[in-house]
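All remarks here apply to the structure that follows.
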Amino acid sequence: MADTPTTSGRAWPSVLTRTRSRLRRRNDVTALDIDQRMLRVVHVTTGKIPGSTRIKRVEVVPVPSERFDLENSSKVGEWIGEQLKALRLFPGTVVMAVRRGEAVLKELLLPPLKDAGEMASMVNMRAMRELPFPETDAVIDFTVTKVPTKKELQASKKEALQRGAATDTMAHVVVAAVRRDTVNRYRTIAEAGGLTLTGLGLRPLASFRALKACVPEINGDAVALISVRRHEVDVDILIDGRLVFSRELSVNLEE
């Protein structure tokens, strides 16, 4: 009989360690946000329940005040990689924040379609007509912030039948468009830092979701969310739990 390969007891710890390491990397998410003043790092672990997370680390690292050009993607990425190593932080899935000024945000009112593919097609058709740059240069994504309830749809349908007019009950959709060059710049930053970029998020939507998670009762109120940084101020307005206005203002607080 041919010899059967065996696994010695000493080999098991390394195999299990590698397996656990892969699982940790798969479940860990590292969010990075860099501006002219700070690198902000949040490292979380996702739970078994969809949407559940546990914050493991929060770090803030000052950006060098001299000879640091945020437009030099490779140098920025190398610097971020060095800082993460110095923090002994080993990121798994990496997401990065896009500035408000780098994106076009638009709220659309669309029919509440259940099929995600049909909704995406409708969003693209509407967004392409309103983009300030060629659609071939755009990367488009969207999120549905409000969907009419079954009760609201029934009431609207009943009213439409009585009035003989079409129903106007719509889903609220926030559409974001970013230039492809901007997406590629963040990819270059990640690659230079030895990171695997899996997604980009927008600062206004991140702030909006963080606020909703911390203060759930704001859903029925009008709220102004103001984020002040050294060279920019973000102003976001929420009404009934929806992001309806978002602007980035350039300032210089060093003067």
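Values quoted throughout were computed directly from the atomic coordinates according to the rules given, and no laboratory measurement underlies them. Model, not experiment: these values are computed from the prediction. Quick reminder, even Gly has a Cβ in these numbers, built from the backbone with ideal geometry, and neighbours come from all protein chains shown.
Using the empirical formula 2.2 N^0.38 Å as the baseline, the Cα radius of gyration of the range 18-250 reaches a ratio of 1.16. Per-residue packing, averaged as other Cβ atoms within 10 Å, sorts the ranges 169-177, 63-71 into the order 169-177, 63-71, beginning with the highest. Restricting the calculation to Cα atoms, the range 174-235 yields a radius of gyration followed by a Dmax of 15.1, 44 Å. Taking the DSSP bridge list for the range 18-250 and keeping only pairs wholly inside it, about 85 percent are antiparallel.
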